[in-house]
Amino acid sequence: MELHVANHPLIDHKMTLLRDKATPSPAFRELVAELVNLLSYEATRGLRVEPVEFATPVATTTGSKVTEPLPLAVPIIRAGLGMLDGFLKLMPYCEVGFVGMRRNDETLQPETYAKRLPEDLADRQCYVLDPMLATGGSLAATVHFLLEAGATDVTAICLVAAPEGVEKMQAEFPDANVRVVVAALDEGLNEQGFIVPGLGDAGDRLYGVVD
């Protein structure tokens, strides 16, 4: 598994605002969209394209277009939904699947409560959207779903990662074509399994506290 930490002044600036607990939900949502747009540029460097001939107002030339089957975006509900708009602004031709995961607060293990994915993902490039790579359980489970359905190229986009989550992904996918692109690699996890310094609960900050 390949880890890419995107280093850019704009990303660092927006991450500082995102982490600030004083940032209200509307601004937080906008920052997430902007950051995902920037990270998606890095995450899609390996996007498959094919040559296409077309006419400009001046002459006929050759360019590139995204190959079929079209890429698949997979936000992990619920926090991953807050990343979808930012990703689709850059990749509007993507198809979209969903995986619903929640973390058991006692075991810290992921529990799947919803899954909407194509049955056959052969030759599909998949992009998983999940703000936090903490223990790595939810992201690893989702990537397994994709690989089991035939995907051979999976890239995850996360805002913040902990070393524990990165190690989990590396252990789960030592040989698979799996890549993780993050805005920041933080210090680690606290006793509650939250990333430190992190940015808190991304879902709550995006949408408010829901019991």
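Miscellaneous remarks
- Residue-normalised accessible area of region 7-140, expressed per residue, 1.4 Å probe, Å²: 55 Å²
- Among 2-8, 12-18, 157-163, the order from most to least packed when residues are scored by Cβ within 10 Å on average: 157-163, 12-18, 2-8
- Cα-based helix-to-principal-axis angle, 81-90 vs the chain, degrees rounded to 10: 20 degrees
- Projected-area average for the chain over all orientations - Cα convex hull basis, square nanometres: 13.1 nm²
- Whole-number D in µm² s⁻¹ for region 105-203, Kirkwood Cα-pair radius fed into Stokes-Einstein, 10 °C, 1.306 mPa s: 114 µm²/s
- Rounded to two decimals, the Cα radius of gyration of region 1-98 over 2.2 N^0.38 Å is 1.34.
- Rounded percent of accessible protein surface that carbon and sulfur make up, the chain, 1.4 Å probe: 51 percent
- Candidate lysines - alpha carbon under 25 Å from Lys115, same-chain residues fewer than 8 apart omitted: Lys89, Lys168
- Gap separating the Cα centres of region 170-211 and region 121-162, nearest whole Å: 13 Å
- Peptides 66-73, 88-95 ordered by average Cβ neighbours within 10 Å, highest first: 66-73, 88-95
- In summary, the aspartates and glutamates within cross-link reach of Lys14, defined as a Cα separation below 18 angstrom excluding same-chain residues under 8 places away, comprise Glu30, Glu34, Glu42, Asp85, Asp130, Asp186, Asp201.
- Size of region 126-173 as Cα extents on the principal axes (Å, biggest first): 28, 20, 14
- As a length-normalised measure over Cα pairs under 8 Å and 6 or more apart, the relative contact order of region 143-198 settles at 38 percent.
- If you take all other residues with their beta carbon under 15 Å from the beta carbon of Glu172, and give Lys and Arg +1 and Asp and Glu -1, the sum is -4.
- Computed over the chain: relative contact order in percent, which uses C-alpha pairs under 8 Å that are six or more apart: 24 percent
- Put simply, region 163-211 fits an ellipsoid with semi-axes of 25, 14, 11 Å; these come from the alpha carbon gyration tensor as the roots of five times its eigenvalues, largest first.
The values are calculated or read from the model by the stated rules, or taken from the named source; none is laboratory data. Just so you know, these numbers come straight off a predicted model, no measurement behind them. Cβ: placed from backbone, ideal geometry, glycine included. Neighbour counts: every protein chain shown. Protein only, heavy atoms only, side chains kept; ligands, DNA and RNA dropped before computing areas. Shrake-Rupley method; radii C 1.70, N 1.55, O 1.52, S 1.80 Å.
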